[in-house]
1. Using Cα atoms only, what is the angle between the long axis of helix 73-82 and the major principal axis of the chain, expressed in degrees (0 to 90) to the nearest 10?
2. Please work out the C-alpha center-to-center distance from the range 77-96 to the range 6-22 and express it in whole Å.
3. Tell me the angle of helix 117-133 to the major Cα principal axis of the chain, expressed in degrees between 0 and 90 and rounded to the nearest ten.
4. Take the Cα radius of gyration of the range 4-133 and divide it by 2.2 N^0.38 Å, with N its residue count; two decimals is plenty.
5. Remind me, relative contact order of the range 4-133 in percent, using alpha carbon pairs under 8 angstrom and six or more residues apart?
6. Given R₀ = 25 Å, FRET efficiency for residue 72-residue 127 by Cβ-Cβ distance, to 0.05?
7. Given the -39500 (n - 2.57) contribution per DSSP H run of 4+ residues, what per-residue ellipticity at 222 nm results for the chain, rounded to the nearest 500 deg cm²/dmol?
8. What nm value, rounded to one decimal, do you get for the distance between residue 20 and residue 45 when each label is placed 7 Å out toward the C-beta?
């Protein structure tokens, strides 16, 4: 299942904080006039890599946001919590925004951690797959 490698990170994502995941490089010769840049933990980068190769990424994620009218983190969380199997593409779109967008705008990766978007999305995906693939789902609807 595509989601299984991502669920291995759930305990870590649940406890991850922005401070634990990202730091600002301040090494040799970086002065006040130099540009600082974020350095992410190896655990987080492994999670991003797992997401990237999972087959769940949707480069058309902005369409998901416009279609569902998602503009804030609260709206993202509301959509994630209420998602069902039929909204799987929405969950993939939300995850994609943070994984793919964070490659060019590191602030998205920090937001994904601090706002618990990574954790909530992967957790909801696991709940949905557990329900349908462990025999609990009723397909007669």
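1. 30 degrees
2. 19 Å
3. 30 degrees
4. For the range 4-133, the normalised Cα radius of gyration comes out at 1.11.
5. Relative contact order, the range 4-133: 32 percent.
6. The computed FRET efficiency comes out at 0.65.
7. On the way: 9 runs with 83 residues, N = 141.
It lands at -17000 deg cm²/dmol.
8. 1.9 nm
Readers should treat all values here as calculations from the given coordinates under stated rules, not as data from a laboratory. None of these values were measured; they are calculated from a predicted model. Here the Cβ is made from the backbone with ideal geometry for all residues, glycine too, and neighbour counts use every protein chain on show.
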